[in-house]
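For reference, the structure is listed below as structure tokens.
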Amino acid sequence: MPPVIAVTGASGRVGGRVAHRLSGADAATRLIGRDPTRLPDLPGAMPAQPAEYGDGEAMRRALEGAQTLFLVSAHESPGRVKEHCTAVDAAVAAGVERIVYVSFTGAAPNATFTFARDHWHTEQYIRSCGVRHTFLRDNFYLGAIPAMTGDDGVLRGPGGQGRVAAVAHDDIADAAAAVLLDDTRSHDRVVYDLTGPAAFTLAEAAETLSEVTGRTVTYHLESHEEAYASRAGYGAEEWEVTGWVTSYEAIAVGEMAAVSDAVPRLTGHPAQGLRDYLAAHPSSWRHLLRG
């Protein structure tokens, strides 16, 4: 029997894409999610397993017999690191031999982007457990650029003149599948920064959005205080708003600017840039035409 790859978050944008790619490669997979009814029914996939990261016993049962775990990071929350650690403990208890974890670029204990700190702590915990591991540090998602742009055609944030090497979900999934399907140990203890082909400023992103959509899009540089004030009306908790604001501030200080060749090296094809992404995904910016 081929080794089983357990895929978490298989109903999401990253995990779902990875699950489809593994199925297309005839890999044996086990799809795990909080709601099994939302998981795709794919050739080669074993019956879906319901489990939440914070439920160690459910995760252990779901992972029994799996050799590799593709661990998509949990939704942001104050207890996210604890959830990750519980899931990792369950994997170790179930006999999982390798963990491929979806992290974030610039993961560090003092990262400007507060959510990137969670990823660093999770990486450190996985390292301490002694299992084979690979970390995929995604940059900002390309899809987030049009999503952050308001219906009024304004992209607001304290991103300064910093650059971001944003990456497409499809490129992340292609890279992840390549790592998961290659069990030669060549990826063990390796950290891959997954980025697009170039880094751009948010002002340049606004120009590209204007050219592709035909709608005038501008970038409004906010101060730290303005950024918090403009997001106050969403009703989000302080830790979440801080994450939103610091994501821009991490761009401003250059923590998302480095461009890597990991996507083409792992996948054999070029990474997708912003213009190509927007052209291929008009639904991502359709809201701008209604503004």
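The values are calculated or read from the model by the stated rules, or taken from the named source; none is laboratory data. These figures come from a predicted structure and were not determined experimentally. As a convention, Cβ positions derive from the backbone with ideal geometry for all residues, glycine included, and neighbour counts pool all protein chains shown. SASA here: full protein model, heavy atoms, side chains in, ligands and nucleic acids out. Shrake-Rupley method; radii C 1.70, N 1.55, O 1.52, S 1.80 Å.
Data for the structure
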quantity: The chain, accessible surface, carbon-and-sulfur percent (1.4 angstrom probe); calculated: 50
quantity: Within a Gaussian network of the chain (alpha carbon springs, distance under 10 Å), most fluctuating of His187, His75, His84; calculated: His75
quantity: Percentage relative contact order, region 36-179, counting C-alpha pairs under 8 Å, at least six apart; calculated: 18
quantity: Spin-label zone in region 240-255 - amide nitrogen under 17 Å from a point set 7 Å from the Cα of Glu226 along the C-beta vector; calculated: 245-253
quantity: Residues whose placed amide H lies under 5 Å from that of Ile99, excluding near-sequence neighbours; calculated: Leu69, Arg132, His133, Thr134
quantity: Cα centroid separation, region 235-291 to region 111-185 (Å); calculated: 9
quantity: Percentage relative contact order, the chain, counting C-alpha pairs under 8 Å, at least six apart; calculated: 18
quantity: Amide hydrogen neighbours beyond the local backbone of Gly33, cut-off 5 Å, H modeled; calculated: Gln49, Ala51
quantity: 1.4 Å probe accessible area per residue over region 1-94, in Å²; calculated: 45
quantity: Per DSSP, loop trypsin sites (Lys or Arg not before Pro) in region 41-120 with at most 12 further Cβ within 10 Å; calculated: none
quantity: Estimated inter-spin distance, His121 and Asp26, nm [label 7 Å along Cα→Cβ]; calculated: 4.4
quantity: J(HN,Hα) series, region 255-266, from Karplus relation 6.51 cos²θ - 1.76 cosθ + 1.60, nearest Hz, glycine and proline x; calculated: 7, 10, 8, 5, 9, 10, 9, 4, 4, x, 5, 7
quantity: 1.4 Å probe accessible area per residue over region 130-263, in Å²; calculated: 40
quantity: Additional length obtainable on full extension of the chain from Asp276 to Ala147, 0.36 nm per residue less Cα span; calculated: 44.8 nm
quantity: Whole-Hz ³J(HN,Hα) from phi, Karplus 6.51 cos²θ - 1.76 cosθ + 1.60, for region 54-71, glycine and proline x; calculated: x, 9, x, 5, 5, 5, 4, 4, 5, 9, 4, x, 8, 8, 10, 10, 8, 9
quantity: Segment Val259-Asn110, length gained on full extension (0.36 nm per residue, minus Cα span); calculated: 51.5 nm
quantity: Given charges at beta-carbon only (K, R positive; D, E negative), |dipole| of the chain in Debye; calculated: 480
quantity: Amide hydrogen neighbours beyond the local backbone of Ala45, cut-off 5 Å, H modeled; calculated: Thr29
quantity: Karplus-derived 3J(HN,Hα), 6.51/-1.76/1.60, for each residue of region 144-151, Hz, glycine and proline x; calculated: 6, 4, x, 5, 7, 8, x, 4
